[in-house]
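Derivation of every value follows stated rules applied to the coordinates shown; laboratory data play no part. Bear in mind the structure is a predicted one, so any value in this text is a computation, not a measurement. Note that we place each Cβ from the backbone using ideal geometry, even for glycine, and neighbour counts take in every protein chain shown.
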Amino acid sequence: MIKRLKDIVPLLLDTTQKGYNGKVAVIGGCTEYTGAPYFSAISALYGGADIAHIFCTKNASIPIKSYSPEVIVHSILFTSEDI
């Protein structure tokens with residue numbers, strides 16, 4: 001099992017640049033539910049990914065941005081009120 005894990009997970013070297021060890025995109029979140037997209041993105045970062053983007057609605061972006069500066073938040077999704 002450990003041998004398989006070493007084959008899958010890349011080595012974390014000092015010579016690599018940001019983004020070489022994985023990028024994650026999380027799509028979701030609304031005004032009432034801002035925690036799930038944040039925890040998905042931050043868990044990916046703790047798991048070894050380098051960059052985590054969250055694509056959410058405009059109303060959800062402000063609370064998610066206030067949780068941590070480690071994730072990149074894009075407020076591009078529309079709600080039924082925006083149409």
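Values for this structure:
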| quantity | calculated |
| --- | --- |
| 23 Å Cα-Cα reach of Lys6 towards lysines, excluding residues that sit fewer than 8 places from it in its own chain | Lys18, Lys23 |
| Degrees separating the helix 58-67 axis from the principal Cα axis of the chain, which is the longest one | 50 |
| For Val24, net neighbour charge (Lys/Arg +1, Asp/Glu -1) across residues whose Cβ lies under 15 Å away | 0 |
| Helix 35-46 axis, angle to the chain major axis (alpha carbon atoms, nearest 10°) | 20 |
